[in-house]
Amino acid sequence: MPELPEVETVRTYLDGVMSGREIEEVILYRKDLRFRFPNNFRKTLEGAVVRRVSRRGKLILIVCCKKEDKERTQKKKHEKNVFLWLVHLGMSGRLLWFSCRRACEVVRHRHVCIRFVDGSFLCYEDARRFGFMEVAEGCEEDHNSLRLDRMGIEPLSKNFTKQWLWDGVVQGVRGQGRTIKDTLMDQGCVAGLGNIYVNEALWAARVHPFRRVGSMSRVECGRIVSSIKKILSSAIAAGGSTLRDYRGGDGELGYFQLRLRAYGRGGEACRRRGCGGRIVRVVRGGRASYFCERVR
Ligand SMILES: [Zn+2]
């Protein structure tokens with residue numbers, strides 16, 4: 001499942017290829033993905049111009065300018081007539097960019113095709129259909145989307161600090177009985193983390209994933225926050241380097257994976273120098289957790 005770094009990589013790519021392009025036609029091959037497409041989806045998008053592609057958590061935010069407002073200045077503060085086209089990739093969603101129609105006709109699980117005025121195509125493919133698309137009035141900071149309102153802190157923002165985790169979560173009035181892993185994966189708490197990077201970050205922070213939030217120390221909060229920032233940044237950097245291979249080429253934007261140290265390594269020796277423990281795999285609630293047996 002794509003997490004923040006993968007979504008950020010897709011965002012960077014799409015921002016480069018889509019910005020400035022005008023949408024001519026929206027072709028929906030079905031009525032729904034995880035949710036139904038909004039009634040006004042096609043009508044809203046057709047004729048609009050893409051300004052830029054942003055991100056919030058695991059959501060891709062495509063900022064579009066309404067058709068009647070194309071001539072307006074591109075400056076952010078004049079953005080009155082803009083809307084957000086929200087795309088969530090779910091478990092297996094992919095946005096594929098093609099310079100002609102023929103290439104996108106071979107995409108197997110395509111559900112949406114966007115044709116731009118210049119003849120290029122954006123194709124949404126999703127075998128499992130856990131993704132979804134929505135539209136909302138406004139831009140990144142000022143919008144009418146409840147979904148965006150409910151999202152938690154951006155882990156790469158400067159507000160995500162040891163102090164924030166300590167004051168807002170560990171010392172918070174609710175949720176101290178939850179595990180640290182569930183808390184970090186809750187998109188309303190921290191936006192963008194999923195199972196892979198939470199496992200990796202907690203391994204790096206030497207914190208057991210099933211520890212209760214209320215039992216965290218300040219020092220552990222600091223280790224968790226810096227591990228999360230570090231792993232996300234290096235994953236984005238790795239994504240950026242895979243991205244270069246696609247530049248100029250048609251088609252698929254692949255997902256990459258960092259060399260993971262705990263995730264998927266059940267039974268292997270712990271990679272921390274001098275540790276000597278093994279990585280344990282425990283499945284709870286349908287999700288696998290990987291941690292070093294020596295970590296409490
Ligand atoms: Zn270890």
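The values are calculated or read from the model by the stated rules, or taken from the named source; none is laboratory data. The model shown is predicted, which means the values in this text are computed figures rather than measured ones. FYI the Cβ positions are ideal-geometry reconstructions off the backbone, even for glycines, and counts take in every protein chain you see. In case anyone asks, the SASA skips ligands and DNA or RNA and just uses the protein heavy atoms, side chains included. Shrake-Rupley method; radii C 1.70, N 1.55, O 1.52, S 1.80 Å.
The apolar share of the surface of segment 62-186, taken as the fraction of accessible area on carbon and sulfur atoms (1.4 Å probe, ligands and nucleic acids excluded), comes to 47 percent.
Projection of the Cα convex hull of segment 1-66, averaged over all directions and equal to a quarter of that hull's surface, yields 4.9 nm². Estimated at 0.36 nm per residue, the fully extended path between residue 149 and residue 176 surpasses their Cα-Cα distance by 7.4 nm. Heavy atoms of the protein chains alone define the surface here; on that basis the chain has 49 Å² accessible area per residue at 1.4 Å probe size. For segment 162-292, what D do you get in µm² per second when you plug the Kirkwood radius from alpha-carbon pairs into Stokes-Einstein at 37 °C and 0.692 mPa s? The Stokes-Einstein estimate is 207 µm²/s. Helical content alone sets the calculated 222 nm signal of the chain at -7000 deg cm²/dmol, taking -39,500 (n - 2.57) per DSSP H segment of four or more residues and averaging over every residue.
With the simple spin-label model, which puts each label point 7 Å out from Cα in the Cβ direction, the residue 127 to residue 218 separation comes to 4.9 nm. Extending 7 Å from Cα along the Cβ direction at residue 210 and again at residue 229 yields two label points whose distance is 3.1 nm. Electrostatic bookkeeping for residue 234 treats Lys and Arg as +1 and Asp and Glu as -1; over the other residues with beta carbon under 11 Å from its beta carbon, the sum is +2. Scattering from segment 1-153 was approximated by placing one identical point on each alpha carbon and applying the Debye formula without solvent; log10 I(q)/I(0) at 0.14, 0.16, 0.17 1/Å stands at -0.64, -0.86, -0.98.
Here the chain yields Rg over Rh of 1.00, to two decimals, using C-alpha coordinates and the Kirkwood radius.
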